[in-house]
Amino acid sequence: MIPQAAATPEAPYLTGLNAAQREAVEALDGPVLVLAGAGTGKTRVLTTRLAHLLSTSRAWPSQILAVTFTNKAAQEMKHRVSAALGGQPVEGWWLGTFHALAARMLRQHAGLVGLTSQYTIIDQDDQVRLIKQLMEADNVDTKKNPPKALAAAIGGWKDKGLLPAQVREAGELAGGKAIEYYKRYQDRLRTLNACDFGDLLLHVITILRDPANASIRDEYHRRFKYIMVDEYQDTNVAQYLWLRLLTSNANNICCVGDDDQSIYGWRGAEVENILRFEKDFPGAKVVRLEQNYRSTGNILAAAGGVIANNAGRLGKTLWSAGDAGDKVEVHALWDGEAEARWVAEKIESLKKEGIAFDGMAILVRAGFQMREFEDRFLKLGIPYRVIGGPRFYERAEIRDALAYLRIVAQPADDLALERIINTPKRGIGDTTVERLYAHARSKNISLNAAIIELLGTEEIRGKAFSALQNLMMDFAKWRGLVENTTHGELAHQILEDSGYIAMWQAEKTPDAQGRVENLRELVSAMAEFESLQGFLEHVSLVMENSESTTEPKVTLMTLHGSKGLEFTAVFLPGWEEGLFPSQRSMDENGNTGLEEERRLAYVGLTRARKRAFITHAGNRRIYGNWTAAIASRFVEELPDETIEVSSDMGLYGGGRSVHWDSSGAKPGGWGAQRSIPPVEPMPAMPVRVSKGGYTKGDRVFHEKFGMGTIIHADGQKLDVKFDNAGLKRVMDSFVKDV
């Protein structure tokens, strides 16, 4: 039941709203865009506006379409509206995510796209399996043409609202037949009376676009007197088209969002949707929520100074009624290890000041950055949790790589061998593995020993025989390198020789690049340990570390995953060019990519309530190689009056500023806008690029062992007598000429 009394200025749910919030709540007629800055009470405005519509009898629940991005947000909104109306239940309205609401519509009109109302929704695994079946029916090599990559491409086309006939270019994906497979995939789904998640919106768009279904479109226009959309800056093309088709001139549409927090372009979000709202809806009212209830004045001013450099924004200035608070600390360090050490020490210091562990967060740009922090926290006993994914050593690709290393160190490790015996795919099927295990059990020997025995018989033949033989030869070769090769180099060679790195490099899925970065970070991590056995023992202890479900923990997560969260203190490490902003993002998307990276910096800073710490290193080991780094352009964009700059090395004054052009190009010169303590680069060695083809007597430099003289060269393998480290065998790709 809905209260019928007209709302008055004294209505309880209006109490406490600031002027801008109240304006957004009471602007019920016509198109309205609410630009809700970080921490400005967006959720309260949304729920109060819904309560106001119902309480003033402007609409029944069934006449309101309210769209959220998560089911959790939809449930929270429902409970808050009910509470605002004195606990009265609110039923019958159209409240939910884009996909949930589209599925509800599709059930009513499924016949118009060749389905029945009892259609099933398949998940991603089923989607990939179905595509694989279609490709295998054509004898397509699914190793060279991964079904996952085609599934990702099809999902991208659906996010753009494109049917197979509307896709114009697909390159060489799936052997140049991607569009044909997209059509056949859709036909197969209809035969199965099924659809995937992308179809939920695409099918409804197809129905509403068809002139023959004008009566259906008109019916929705009459039904929904009010349309409200949350997180409008994160909508993709299909979501935008769906909303536009459901909106007529008679609808009162209100979109709430923040163009400065649009950070999901990599998964299809179009910031242009919110930027062109006033063009799409002429005469629209724009309400800016700028009073921030989360962060201190200095944090807001620092974030505002960075985001002001973006050209593609509608513009707003966040402010706080509270005091300015502590300045944002910008700290320069020698390298990534020093960065992790400094952050850990600062966390312990903040804990003593009374800030709980669960009030602190480390927000990284790339997942591989987490490893050094995790290792440091484990050494110091600082409890932590990783949000948005498993801990570093628990990731599938890291477990696979560790399995290879475990077998090299201990051939009898059956669990490790079983994990990777057919990863990457080698043609060793389940039947072969069962036969190997049966032989191992009958002889009471390890799986490795069973393979060696059976290779000497006729029991295993064909492709499985060749694959197992090659695998055993590889393991023998790798074990032969243990004594005189650094374990980092050994891991690198194993990942290359086995084809494991190549497997992920061939994947075109969104997470494939991150997996490759994690594997390279694993190789980097190994350099800190004296031996392969020592490293594997360290990992075992890390994995054994129990995670209490009750004690407060420091949060470790990516910047992308932090949106919508807040913490008392936030650490933002790795603010260096190439890492943040991401060079890959700028290379692929130019200035558009740079502006999204800057929005990511804005999101990171505005997660902090009271304290914010930015760190950058002068040297960073990336993929096993030391790289000299310079501070991110975002550091340069922080207003002087909002930050406090320091360095671990006591280098003050005389700092250098980098001049950047708006396209995201590399620096074109040095300036003197502000002194940022520079971090001196690693001591330069007089080295040249490796020439290869080394001979006895050549002098070379190795990153870990230093200077040495080659005493024997066998192809790419070199026996080098190092001046300080003695005789070692290394690969020629790991040394440089001097």
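The values are calculated or read from the model by the stated rules, or taken from the named source; none is laboratory data. The shown structure was predicted, so the numbers you read here are calculated from the model rather than taken from an experiment. Cβ sites come from the backbone with ideal geometry, for glycine too, and all protein chains shown count toward neighbours. What goes into the accessible areas is simple: the full protein's heavy atoms, side chains included, and nothing from ligands, DNA or RNA. Shrake-Rupley method; radii C 1.70, N 1.55, O 1.52, S 1.80 Å.
Values computed for the structure shown
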item	result
Residue that is nearest to His702 (Cα to Cα) [pool: residues in the stretch 437-490 that are in a helix (DSSP H, G or I) and of a type in the set (Asp, Glu)]	Glu489
Residue selected from the stretch 681-702 under the condition modelled with pLDDT under 70 and closer than 22 Å to Leu481 by Cβ, by the criterion least open to solvent (accessible area, probe 1.4 Å)	Gly692
Selection count where residues are under 28 Å from Asn145 (Cβ atoms) and assigned to a helix (DSSP H, G or I), scope the stretch 503-521	13
Among the candidates Val113, Val90, residue that is under 27 Å from Asn236 (Cβ atoms), out of contact with any Lys or Arg (no Cβ under 6 Å at 6 or more places or on another chain), in contact (Cβ under 8 Å) with a residue 40 or more places away in the chain and hydrophobic (A, V, I, L, M, F, W, C)	Val113
Residue match in the stretch 274-282 (condition: touching a His at 6+ places or on another chain (Cβ under 6 Å) and either in contact (Cβ under 8 Å) with a residue 12 or more places away in the chain or part of a strand (DSSP E or B) (or both))	no
Residue that is farthest from Arg607 (Cα to Cα) [pool: residues in the stretch 14-45 that are out of contact with any strand residue (DSSP E or B) (no Cβ under 7 Å at 6 or more places or on another chain), assigned to a loop (DSSP other than H, G, I, E, B) and open to solvent by 10 Å² or more (accessible area, probe 1.4 Å)]	Thr15
Leading residue by the ranking (surrounded by the most Cβ atoms within 10 Å (Cβ to Cβ)) among those in the stretch 295-317 that are part of a loop (DSSP other than H, G, I, E, B) and in contact with a Lys or Arg (Cβ under 7 Å, 6 or more places away or on another chain)	Ser295
Evaluation of Lys346 against (1) more than 14 Å from Arg609 (Cβ to Cβ); (2) open to solvent by less than 50 Å² (accessible area, probe 1.4 Å); (3) assigned to a loop (DSSP other than H, G, I, E, B) (one fails), failing number	(3)
Among (1) farther than 19 Å from Val516 by Cα; (2) surrounded by 14 or more Cβ atoms within 10 Å (Cβ to Cβ), the one test that His492 misses	(1)
Matching entry among Asp414, Asp430, Asp375, Asp400 (being without any contact (Cβ under 8 Å) to a residue 12 or more places away in the chain and of a type outside the set (Gly, Ala, Ser))	Asp430
Exclusive hit being under 29 Å from Asn236 (Cβ atoms) and open to solvent by less than 10 Å² (accessible area, probe 1.4 Å), set Ala59, Ala73	Ala59
Selection count, the stretch 560-584, where residues are farther than 17 Å from Ile614 by Cα and either touching a Ser or Thr at 6+ places or on another chain (Cβ under 9 Å) or without any contact (Cβ under 8 Å) to a residue 60 or more places away in the chain (or both)	3
Residue within the stretch 491-502 that is part of a helix (DSSP H, G or I) and within 20 Å of the chain's Cα centre (by Cα) present	yes
Matching option when the condition is under 30 Å from Lys508 (Cβ atoms) and not small (Gly, Ala, Ser), among Val81, Val128	Val128
Breaking point among (1) touching an Asp or Glu at 6+ places or on another chain (Cβ under 8 Å); (2) part of a loop (DSSP other than H, G, I, E, B), for Glu372	(2)
Test: residue in the stretch 358-369 that is farther than 19 Å from Leu565 by Cβ, of a type in the set (Gly, Ala, Ser), outside any helix (DSSP H, G or I) and open to solvent by 10 Å² or more (accessible area, probe 1.4 Å)	no
Some residue of the stretch 520-528 being small (Gly, Ala, Ser) and open to solvent by less than 30 Å² (accessible area, probe 1.4 Å)	yes
Flag if Phe613 is of a type in the set (Phe, Trp, Tyr), part of a helix (DSSP H, G or I) and modelled with pLDDT of 95 or more	no
Candidate set: the stretch 385-400, residues that are among the charged types (D, E, K, R) and open to solvent by less than 40 Å² (accessible area, probe 1.4 Å); chosen: the one modelled with the lowest pLDDT	Arg391
Qualifying residue in the stretch 401-411 (condition: of a type in the set (Gly, Ala, Ser), loosely packed, with under 14 Cβ neighbours inside 10 Å and modelled with pLDDT under 90)	no
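A quick yes/no check of all residues on (1) farther than 22 Å from Leu192 by Cα; (2) open to solvent by less than 70 Å² (accessible area, probe 1.4 Å); (3) in contact (Cβ under 8 Å) with a residue 24 or more places away in the chain; (4) in a helix (DSSP H, G or I):
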site	(1), (2), (3), (4)
Asn139	yes, no, no, no
Ala149	yes, yes, yes, yes
Ala152	no, yes, yes, yes
Gly155	no, yes, yes, yes
Lys158	no, yes, yes, yes
Ala165	no, no, no, yes
Glu169	yes, no, no, no
